[in-house]
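Contents: one structure, followed by commentary.
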Amino acid sequence: METPDAIRCASVLSIHPGGIEAREDELAVEEPMEVRVLRREGKEWVAHSLAVTMRTPGHDFELAVGFLFTEGVIASRRDILDIHYCAEHEGEAPRNIVNVVLAEGVQVDPARLSRNFYTSSSCGICGKASLELVRALIRRPLADAARIARDVLFALSESARDAQSLFARTGGVHAAALFDGHGRLLLVREDVGRHNAMDKVVGHLVLTESVPASGTIALLSGRASFELVQKALVAGIPVVAAIGAPSSLAVTVARDFGLTLIGFLRDGRFNVYAGAERLDLAPGA
């Protein structure tokens, strides 16, 4: 369910065959959120700003934790002492800064972390280097899961769509949903950023000590990018299905690390790009 801060109204002119109508339209809010980590250095607590992402307010702590987990900063819930909003700057929206207090011994390399790390044209990153980064982040191999019936997959998009209340009102957000192997919806998170939606799902899993998320299926409302597949792998989610297409690197990563990757899951059809051994594709299964 969306938070009150997730929607804002705007006056619009609606042009349609019947004429022109002035009305109020609901928009998904897009605001920056800074993720900071606090750790003890000697006798003092020192704050490090690690990332700023444009997000839709709601489940902010999950978003921060999911980002830190999938970037390899933390390995489990035990690495976190506390999470709170920062209110130290007068006049600045305190709910746009999240402080994650780290347990003693958790190491941080601020220079390595950036939301643009994989996409910056100046960093010279390539597919091979991307695979090595994923290999360094994955803490355990994906567990074998019971075979998933194709009729279960066909039902996922409708179940997720029914739970996307923010999309229903605004039409302007992405979603990441998590199901069990029988197609039962476990949770859904929405955000203007597709990677944020996935981070919120992963953050929930970390905070509830539910990683690795063996036997689950992640459904993405759009395409399956390398970054989203990487997040699923780090969280131990063995199956990723997307309404849209996967990227070439997403397929390569899925095949190399044993993840089941499904694309174009809509209109009673889908493509299997990797990991078909987890699926029961017989008609009526």
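Counting GluC sites (Glu not before Pro) as exposed when in a DSSP loop with at most 16 other beta carbons within 10 Å, what is the longest stretch of the chain free of them?
Working: sites that count: 30, 88, 90, 92, 104, 209.
Longest site-free region, per DSSP loop and neighbour criteria: 105-208.
Pick from 204, 59, 16 the residue whose mean-square fluctuation is largest in a GNM of the chain, springs joining Cα atoms under 10 Å.
16
Charges only on Cβ, +1 for Lys and Arg, -1 for Asp and Glu: so what's the dipole of the chain about the Cα centre, in debye to the nearest 20?
Values: 30 positive and 36 negative charges, 198 e Å.
Value, rounded to 20: 960 debye.
What whole number of Å gives the distance from the Cα centroid of the range 47-69 to the Cα centroid of the range 252-285?
30 Å
Grab the alpha carbons of the range 148-280, take their convex hull, and tell me the volume per residue in Å³. Display every interim value, and only then the final one.
Details: hull volume 11.9 nm³, N = 133.
Taking only Cα atoms, the range 148-280 has a hull volume of 89 Å³ per residue.
Kirkwood hydrodynamic radius, the range 29-91, all distinct C-alpha pairs: what's the number in Å? All intermediate terms of the calculation are to be shown ahead of the outcome.
Numbers: mean 1/r = 0.0773 Å⁻¹.
Taking the inverse mean of 1/r over all distinct Cα pairs, the range 29-91 comes out at 12.9 Å.
Could you list the trypsin sites (Lys or Arg not before Pro) in the range 167-236 that lie in coil according to DSSP, counting only those with at most 16 other Cβ atoms within 10 Å of their Cβ? Don't skip to the answer; put the middle values down first.
Numbers: sites: 169, 184, 189, 194, 200, 223, 231; in loops: 184, 223.
Qualifying residues, ordered by number: 184.
Using unit Cβ charges (K, R positive; D, E negative) and no other charged atoms, how large, in debye to the nearest 20, is the dipole of the range 148-280 about its Cα centre? Don't skip to the end; give the middle numbers.
Numbers: 13 positive and 13 negative charges, 48 e Å.
Dipole size: approximately 240 debye.
Can you give the calculated 222 nm mean residue ellipticity of the chain, where each DSSP H run of n ≥ 4 adds -39,500 (n - 2.57) and the sum is split over every residue, rounded to the nearest 500 deg cm²/dmol?
It comes out at -8000 deg cm²/dmol, rounded to the nearest 500.
Would you kindly compute the Cα radius of gyration of the chain and its largest Cα-Cα separation (Dmax), both in Å?
19.8, 69
Using the alpha-carbon centroid of each, what span in Å lies between the range 11-39 and the range 194-223?
26 Å
Values in this text are rule-based calculations from the coordinates and carry no lab data. In this text, all values refer to a predicted model and were calculated from it rather than measured experimentally. Glycine gets a Cβ as well: all are built from the backbone with ideal geometry, and neighbour counts include every protein chain shown.
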